[in-house]
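Participant: I am attaching a structure below and will ask some questions about it afterwards.
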């Protein structure tokens, strides 16, 4: 009888130990890797852009969640799952990039900058400038050439957007009618961008 009790106790201990080890080794799967953004259609090379963009958005998601105008992009935002929120925000940035650069990473223009100083030019997917890093105290050390890299350009863009949302509480139509991107201003393409995100099945 004692041998049977001892054997049963050993089985219980072994089962508990196995469960504990499994729990310690468990990692939450990266479900965000399954998010597909619209700019990927017929362009598999843009999958890397999407993966990096979603990762950047995820890093700042708690800030974007608090944006006072978030429901103007997706009326059902507050009921969305984690991945749906990232998907919606991703499509918002995809739409901004469409109007800013037509998704051409090498796009560059003097814009409001100085012709002889490329650090002041607007460049890349989101038309970022090298001097933005100083303006917004974001120490990435990116050069003009770096910002023609889609992933670096997106990283700087999302970093700046998070700063602005944290500062003003809005993604678009920030106090004074301004915004870093002209496409997010009330007299520009913001309504088309909102139409795009509102068209997502989970935002309707």
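Values quoted throughout were computed directly from the atomic coordinates according to the rules given, and no laboratory measurement underlies them. Please read these numbers as outputs of a predicted model, since none were measured by experiment. With ideal geometry, Cβ positions are generated from the backbone for all residues, glycine too; neighbour counts draw on all protein chains shown.
Participant: Check 125, 154 and return the single one that is in a loop (DSSP other than H, G, I, E, B), under 16 Å from residue 53 (Cα atoms), in contact with a helix residue (DSSP H, G or I) (Cβ under 9 Å, 6 or more places away or on another chain) and in contact (Cβ under 8 Å) with a residue 24 or more places away in the chain.
Facilitator: Result: 125 is the single residue among 125, 154 that is in a loop (DSSP other than H, G, I, E, B), under 16 Å from residue 53 (Cα atoms), in contact with a helix residue (DSSP H, G or I) (Cβ under 9 Å, 6 or more places away or on another chain) and in contact (Cβ under 8 Å) with a residue 24 or more places away in the chain.
Participant: Of all residues in the stretch 180-193 being in contact with a helix residue (DSSP H, G or I) (Cβ under 8 Å, 6 or more places away or on another chain) and surrounded by fewer than 19 Cβ atoms within 10 Å (Cβ to Cβ), which is nearest to residue 36 (Cα to Cα)?
Facilitator: Step one: filter the stretch 180-193 for residues in contact with a helix residue (DSSP H, G or I) (Cβ under 8 Å, 6 or more places away or on another chain), giving 180-181, 183-184, 188-190, 192-193.
Still in the running and surrounded by fewer than 19 Cβ atoms within 10 Å (Cβ to Cβ): 188, 192.
Working: 188: 27, 192: 21 Å.
Taking the candidates together, the pick is 192.
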